[in-house]
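One structure below.
The values are calculated or read from the model by the stated rules, or taken from the named source; none is laboratory data. A quick note: this is a predicted structure, and the numbers were derived from the prediction, not measured. Neighbour counts run over all protein chains shown; Cβ positions are idealised from the backbone, glycine included. Keep in mind that these areas ignore ligands, DNA and RNA; they rest on the heavy atoms of the full protein, side chains included. Shrake-Rupley method; radii C 1.70, N 1.55, O 1.52, S 1.80 Å.
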Amino acid sequence: MVDGGGGVLGTLYRYELRMLLRDTRTIAIAVVAPLLLFPVLILLAREAERRREAVIERATYRYALTGTEEDFAYYRVQEALAIETFDPDTAARPPATFLHDRSPNPDSLVRAGAIQVVVEGLAADEYLRVRARELAERPGEDSAALAELAELPEVPVLRLHYRTDSDVSRAAFERLQERLEQVRRQQRDSVYRAYGLAIDLSELGGLEARNVATGERETGALLGVLLTPLLLFLMLSGGSIVAVDAISGEKERGTLETLLTTAARRSEIVAAKQLAVVTVGIVVTVVNLANLFVYIVLDLIELPQELAVSIGPLSLLVLLALYLPLTVLVSSGLLLISGWAKSYKEYQLYFLPLFAVVFLPSLAVLLPGMELGSAIALVPVAGVAVAVREVMLGELDWPFLALAALSTGGAAWGAARLTERALSTERLISGTELDQADLAGGPALFPRRVLRWFGLLWVVLLVSSAWAGESLGLVRQVLFNVVGLFFGGSLLMVRAYRLELRAAFALRPAPAAAWPAVLIGAPAALVIGVGLAEAFQRFVPVPEEVLRSFGQFLGAGELPLWQIVLILAVIPGVFEELAFRGVLMHGLAPRLRPVPLALAVGAIFGIFHVSLWRIVPTAYLGVVLAAVVLLTGSIYPAMLWHALNNLIAIVPVELGWVSEDYDLPMWSYPAASAGLALSFTLLWWTRRAAGKMQHVGTGPGGGRP
Amino acid sequence: MITVQVEGLAKTFFDEARGAIHAVDGVSFECRAGTIFGLLGANGAGKTTTLRMLATILRPTAGRARVMGHDVVAEPEVVRRSLGFYSASTALYPRLTARETLEFFARVNRYPRERVGARVDELVERFGIDRFESVRVEKLSSGMKQKVSIARTVVHDPPVLVFDEPTVGLDVINALEMQDVIRALRAEGKTIIFSTHVMSEAEKLCDTIVIIHGGRLLASGSLEEHRRATGKHYLEDIFVQYVREGG
């Protein structure tokens, strides 16, 4: 037998599409039906709206008068209706016809729809009684409303009763209210005139608004916001046509086992299915956009007047580069749920959560003040959505554009790997999902679950920061995050997986030589960290407001020195180490070799510092501390190192020994490099002693690999 | 020539309700070219799990297996190229025609591209598929589908063929046809691994019969050797005796 060459992927892809094209029912429902249904729906909606407007325009509104000041109400309404009938402003719209209805119980007639609005005239004291009673009936005390009530002048009040659930009642109310407001203004002007204060607003100075945005920028702002959510919606719904059939459909038909027994590699099968999902997703998107274009040409959909699209070839390339990882992410996500689902029905169950997870971040672009130059660039999908808007506005912020593409690309790569694994898993064939570790639970399962736990902690950290955040103040926020979240979460993990406490937290004695190594290494590493942070800021400058708000947040100047030391050095030194270099490292250690382990622990530690500008220095510190624990086998030197690092970074500034913008002299960097090298040489030299101590300290098997 | 070697092969599944299930528990055997190797066992004995491990769909918990000298864990793609797998649960794509099905499986099994057409022509004629080669699989009768399925299994001309309970659900005529095909493939020098719980089939077809029960291999040998070892004539009696002794 001779190898047939690299055509397997192509064969799988071609046949996947061929089979899909022969599924006429799916094509009809997914592609043709929307093409036919959308115009019909749009026409029906427009016709319904036209009729509604016509009904409102032609309507004769019936109103009733009531209340202790009915006469007052009567005269005001008559004046209002006179304006409605004779005011030249009504030329733009025909005047509404109002008929006075007399009824002993007008409110019930409003509810029944027989009349549209009731005007209730109330004397001041009566109005106060009615309002006070209404406020008392509401749950909770509205003290602001009560105070406002007490300050009302003693004049009669008109109350309009209407129904928001009736278009006609609402239209009647809006017209009458507008005209009654005009009556009130006219009365005020006549009082002014009586006191010789007649003045027209135009005499006080002119006021004119001028829009300086170009048509291109306006269009860019509009399309930039809409484009990503729209494309995602179309890709998800279009790609789903293939994805549902691609794995869960094959499982249901029994063809998956046939396919898996062929010589095709799992990666080829996944790639071919992914290509098919992407192809169909793109086709459905193009068809729908073309459909949209036709509606626009046929005037079924109205566009803003000054629509001007201007995207240069470079911007177009950037858009493609941003959308490519997004497309892969969507197709991988769809295939992943198809792989997890045992049937079509189960796929449909998973589709909605996937849709929410992929689609909702794209709405970040709608948030006010959301700019790409923030941590949003690191959030998959959301970063791309914001980046696309900025590209459409003609702004190309390269480092952040790259970050946005990379964050979504990373998520896409992860999803593709997961999909490949889903196709390799025996669950597809044997129906069982568990393995020995799943069944046994406990420590054996922890290495596979540790990242999920830290992911959850990260989400809680993000949500709590967004909700309470800076309003908590420094002390409470450090206590909540570091002690409550990181340490509390770690204790939960220890308990849930029955971990041995000393091993999980690396609570082992450290060799004596580790301590001088820490005393040399901590300040040296800090200096290098400062250098790294400054180098990073050359590429991604820290905005002034970020620095200011961080300084305000710290607000440590208001605290006594011992509290600064406790809150900013000791507590993070102890509890962050227990969580990150303790439990996290303990969980990841069985799966990673030492160097990737230190890098992974450092990266995760950096990500937990959320702000983009703090990620690089804190990730670097995390890597260094992980190396310290790996070499000493103990958490204690890392705790001291971490506390010293924070102490040296914060206290001299707080005590005014050095200014905030103090620049380190150039010679400090080579000196620090030498210090760090010396420190790690010492640690390396003592690692054998550390190994023996771990053995003594925890017994066999207790040591870290 | 030894084509398939299985040593201490084991597979354990883990189930929340039942705990650890040892579906296959240290099975060892060897198969030779030009012979039919029968795995005989009741439902749930571990036959399908063993064959799925050979086909690299399931990963062994312990032990090792080699197909044409290639390890099923280390070289799964090479193993699958050397193997044709047929079972009642390996269905065909309903929206492909019979001919397209054969072309598709020849290509994805990396059969030399320039020879795919000729190979498909040969199989279409051999299995009498020419009458319905352009008909979609979804419109074929079960007998026609069976023919396409067998042709699909051998389309890339693999030296080892696995037939997992191939006659389940077939009528007598189709079951006999299947047996004829299997004999013909043996005559071509293929290694056939054939699992069944039907005693008469194993008696008629297999050169070597392995009795498997509760995931463990109880006995292995030709029908004559089993008769001599147990003193029983009928395979049914031989099987029951082994199960009682082994249980």
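Annotations for the structure displayed:
- For the range A:252-267, the set of residues classified as touching a residue at least 24 places away in the same chain (Cβ under 8 Å) and either surrounded by fewer than 21 Cβ atoms within 10 Å (Cβ to Cβ) or of a type in the set (Ser, Thr, Tyr) (or both) consists of A:Glu252, A:Glu257, A:Arg265, A:Arg266, A:Ser267, listed by residue number.
- Taking the criterion of being farther than 27 Å from B:Met1 by Cα and open to solvent by 50 Å² or more (accessible area, probe 1.4 Å), the residues of the range B:148-188 that qualify are B:Val168, B:Gly169, B:Asp171, B:Val172, B:Ile173, B:Leu176, B:Glu177.
- Filter result for A:Ala213 (of a type in the set (Gly, Ala, Ser) and over 28 Å from A:Val365 (Cβ atoms)): no
- Top-ranked residue in the range A:463-491 [being closer than 18 Å to A:Val583 by Cα, touching a residue at least 12 places away in the same chain (Cβ under 8 Å) and among the aliphatic types (A, V, I, L, M); ranked as most open to solvent (accessible area, probe 1.4 Å)]: A:Val483
- Pairs are defined by a Cβ separation below 6 Å, a sequence spacing of at least 6 or placement on different chains, a first member in the range A:354-381 that is over 20 Å from A:Gly394 (Cα atoms), and a second member that is modelled with pLDDT under 85 and assigned to a helix (DSSP H, G or I); the pairs so defined are A:Ala375/A:Leu612.
- Considering the conditions (1) open to solvent by 70 Å² or more (accessible area, probe 1.4 Å); (2) within 39 Å of the chain's Cα centre (by Cα); (3) modelled with pLDDT of 85 or more, A:Tyr13 is excluded by exactly one of them, (1).
- Within the range B:5-59, tally of residues that are of a type in the set (D, E, K, R), touching a helix residue (DSSP H, G or I) at 6+ places or on another chain (Cβ under 9 Å) and assigned to a helix (DSSP H, G or I): 1
- Considering residues of the range B:1-42 that are in contact with a strand residue (DSSP E or B) (Cβ under 8 Å, 6 or more places away or on another chain) and charged (D, E, K, R) only, the residue least open to solvent (accessible area, probe 1.4 Å): B:Lys11
- With respect to (1) part of a loop (DSSP other than H, G, I, E, B); (2) touching a residue at least 12 places away in the same chain (Cβ under 8 Å); (3) closer than 17 Å to A:Ala80 by Cα, the lone exception for A:Leu99 is condition (1).
- In the range A:105-162, the residues that are free of Cβ contacts under 8 Å to residues at least 40 places away in the same chain and of a type in the set (Asp, Glu): A:Asp125, A:Glu134, A:Glu137, A:Glu141, A:Asp142, A:Glu148, A:Glu151, A:Glu154
To keep it simple, each residue is scored yes or no on (1) small (Gly, Ala, Ser); (2) open to solvent by 40 Å² or more (accessible area, probe 1.4 Å).
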residue: B:Ser200; (1), (2): yes, yes
residue: B:Ala219; (1), (2): yes, no
residue: B:Lys232; (1), (2): no, yes
residue: B:Glu236; (1), (2): no, yes
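- In the range B:43-67, residue farthest from B:Val4 (Cα to Cα) [restricted to those that are touching a His at 6+ places or on another chain (Cβ under 9 Å) and open to solvent by 40 Å² or more (accessible area, probe 1.4 Å)]: B:Asn43
- Condition met for A:Val191 (among the β-branched types (Val, Ile, Thr), in contact with a Lys or Arg (Cβ under 7 Å, 6 or more places away or on another chain) and either surrounded by 14 or more Cβ atoms within 10 Å (Cβ to Cβ) or free of Cβ contacts under 8 Å to residues at least 40 places away in the same chain (or both)): no
- Top-ranked residue in the range B:83-122 [being basic (Lys, Arg), within 28 Å of B:Cys31 (Cβ to Cβ) and at the interface with another protein chain (Cβ under 8 Å from one of its Cβ atoms); ranked as most open to solvent (accessible area, probe 1.4 Å)]: B:Arg107
- Restricting the range B:60-72 to residues that are within 14 Å of chain A (Cβ to nearest Cβ) and assigned to a strand (DSSP E or B), the residue that is farthest from the chain's Cα centre (by Cα) is B:Ala62.
- Looking across the range A:390-447, just one residue is over 20 Å from A:Pro325 (Cα atoms), crowded, with 21+ Cβ neighbours inside 10 Å and at pLDDT 85 or above, and that is A:Phe446.
For every residue, the table says whether it meets (1) more than 18 Å from B:His213 (Cα to Cα); (2) in contact (Cβ under 8 Å) with a residue 24 or more places away in the chain.
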| residue | (1), (2) |
| --- | --- |
| B:Val4 | yes, yes |
| B:Phe13 | no, no |
| B:Ser28 | no, yes |
| B:Arg32 | yes, yes |
| B:Ala42 | no, yes |
| B:Leu51 | no, yes |
| B:Gly84 | yes, yes |
| B:Tyr111 | yes, yes |
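- Residues (surrounded by 16 or more Cβ atoms within 10 Å (Cβ to Cβ) and either among the hydrophobic types (A, V, I, L, M, F, W, C) or not assigned by TED's automatic domain parsing to the domain that holds A:Glu174 (or both)) located in the range A:103-129: A:Leu109, A:Val110, A:Ile115, A:Val117, A:Val118, A:Val119, A:Leu122, A:Ala123, A:Leu128
- Residue satisfying condition, being in a loop (DSSP other than H, G, I, E, B), within 24 Å of A:Val183 (Cα to Cα) and away from chain B (no Cβ under 14 Å), within set A:Ile56, A:Ile115, A:Ile83: A:Ile115
- Given (1) open to solvent by less than 30 Å² (accessible area, probe 1.4 Å); (2) among the small types (Gly, Ala, Ser); (3) within 37 Å of the chain's Cα centre (by Cα), index of the condition A:Ala54 fails: (3)
- The numbered conditions (1) in the same structural domain as A:Val388 (by TED's automatic domain parsing); (2) over 30 Å from B:Ile150 (Cβ atoms); (3) not basic (Lys, Arg) are all true for A:Leu201 except (1).
- Tally of residues being of a type in the set (Phe, Trp, Tyr) and in a helix (DSSP H, G or I) across the range A:172-196: 2
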